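Below is one structure; the comments refer to it alone.
What follows is calculated from the coordinates using simple rules that are stated; it is not laboratory data. Everything quoted here is computed from the prediction, not taken from an experiment. In this analysis, Cβ positions are derived from the backbone assuming ideal geometry, glycine residues included, and neighbour counts consider all displayed protein chains.
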Amino acid sequence: MINETNQEKLRIPVGISSCLLGERVRYDGGHKGHSYIMRTLDEYFDFKPFCPEVTIGLGIPRKPIRLWRNENKEIRCVGVSDTSLDFTERLKNCGDAQYDWHKQLCGYILKKDSPSCGMERVKIWDDVMPKREGIGVYADKLMTNFPYLPVEEEGRLGDAILRENFIQRVFAMHRWFLLTSDSLSVGSLGEFHARHKLILMSHDQTSYRELGQLVARTTKESLLEDSKKYLLGFMKALKKTATRRNHVNVLQHIQGYLKVSLDSDDKKELVRTIENYRKGQLPLIVPITLLNHFFRKHPNAYISKSWYMKPYPEELMLQNSI
Ligand code: SF4
């Protein structure tokens, strides 16, 4: 059974480009230690550092490499000073060779702009001008092998909405791991969906409905196949950032569960708080805190189990900035 206590006690396995943890593995012998990752996320995530370039034997220091569009329009990962040195296949094979430990991860933080680790917008060079439209070779393998895996770059973690979105997905992925390691059944899949309904509503209403239909028609016989489809659809939906408008819909939906229990002053306070959040005058944490306060006085079984009310440890303070 997944609950708030065991969710917060366990450090979650998350892969990471080694240089972001301060390891001196870059081509110039330096690192790109990231303070938020090392000081804050490290408390919750059990980081698994990995440097593909060192693993394929390029050494430290080493000559830099980059993505190159060759005369056949193929994208290759080659030496900056010598394009005949081609590391593409070695990096691809390196990505595949990590499959067994990759499949145990609930997320991955990649180093931006790297021809090996970059998640998106990596420069592709040619004879004219570099274009920011590439993906690091190792990162590409990782994301192709595990399309549901929450992946983010350290540069984007500086954005409050993207940071919250990534961490939300990692915690959700971890709850999925706990669910599937604990013998998945039609009933437990249904419960997982029920507890994530409000989160899904805040990200993508269409996926919320489609995933609900998938769960409703799942049988013992189709469970294995349907659970794979569910995970893909679920993580794809969560990847869409939750909008303020969707959050307002969810908050008003939750408010409905207090219709008969609140007196008129409390109702007005709640309506005003949600409205001020809608106008951008308050962060999400304020209506959530008020709702949690009211539900402590007037408990509701469905809401108390919903992960929307406490998707990750509050000490991360992610809802204070969105
Ligand atoms: S970006 Fe990736 S390949 Fe480059 S130093 Fe960091 S971990 Fe190694």
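Under the 0.36 nm per residue contour assumption, what length would be gained going from the current alpha-carbon distance of ALA194 and SER222 to full extension? That pair, ALA194 and SER222, stretches by 8.2 nm at full extension. Net charge of the neighbourhood of TYR99, taken over other residues with C-beta under 13 Å away and scored Lys/Arg +1, Asp/Glu -1, is +1. Loop-resident trypsin sites (Lys or Arg not before Pro) (DSSP state other than H, G, I, E or B) in the stretch 277-322 with no more than 15 further Cβ atoms inside 10 Å of their Cβ: LYS279.
If you sort the three axes of the alpha carbon gyration tensor as a ≥ b ≥ c, you get a/c of 1.5 or more for the stretch 168-239 and a/b no higher than b/c, which makes it oblate.
Estimated translational diffusion coefficient (Stokes-Einstein, Kirkwood radius over Cα pairs, 10 °C, 1.306 mPa s) of the chain: 74 µm² per second. Between the beta carbons of ASP265 and ASN300, assuming R0 = 25 Å, the FRET efficiency works out to 0.80 to the nearest 0.05. Charging the Cβ of each Asp and Glu at -1 and of each Lys and Arg at +1, and nothing else, the dipole of the chain about its Cα centre rounds to 640 debye. Nearest 10 degrees is fine. How inclined is helix 186-203 to the longest principal axis of the chain, computing both from alpha carbons? Rounded to the nearest ten degrees, it is 80. Helix 285-297: angle to the longest alpha-carbon principal axis of the chain, degrees 0 to 90, nearest 10? For 285-297 against the chain, the angle is about 40 degrees. Pairwise Cα distances in the stretch 4-157 exceed 19 Å in 53 percent of cases. Bridging of LYS131 to aspartates and glutamates at a Cα separation below 15 Å is possible for GLU74, ASP113, GLU120, once same-chain residues fewer than 8 apart are set aside. In the chain, with Lys and Arg counted as +1 and Asp and Glu as -1 at Cβ, which of these residues, VAL25, ILE161, VAL14, has the Cα nearest the positive end of the dipole, that is, farthest along it? After comparing all options, I get ILE161. A DSSP coil position with no more than 11 other Cβ atoms inside 10 Å describes the following trypsin sites (Lys or Arg not before Pro) in the stretch 176-226: LYS220.
Based solely on its DSSP helices, what 222 nm [θ] is calculated for the chain when runs of n ≥ 4 H residues each add -39,500 (n - 2.57) and the sum is averaged over all residues, nearest 500 deg cm²/dmol?
Value at 222 nm, helices only: -14000 deg cm²/dmol.
With contacts taken as Cα pairs under 8 Å at a separation of at least 6 residues, the chain carries a relative contact order of 14 percent. Using a cut-off of 28 Å between Cα atoms, the listed pairs LYS197/LYS259; LYS48/LYS236; LYS141/LYS240; LYS111/LYS279; LYS92/LYS123; LYS73/LYS229 include LYS111/LYS279; LYS73/LYS229 as exceeding that distance. Applying the criteria of a DSSP loop state and at most 10 other Cβ atoms within 10 Å to the GluC sites (Glu not before Pro) of the stretch 1-109 yields GLU71, GLU74.
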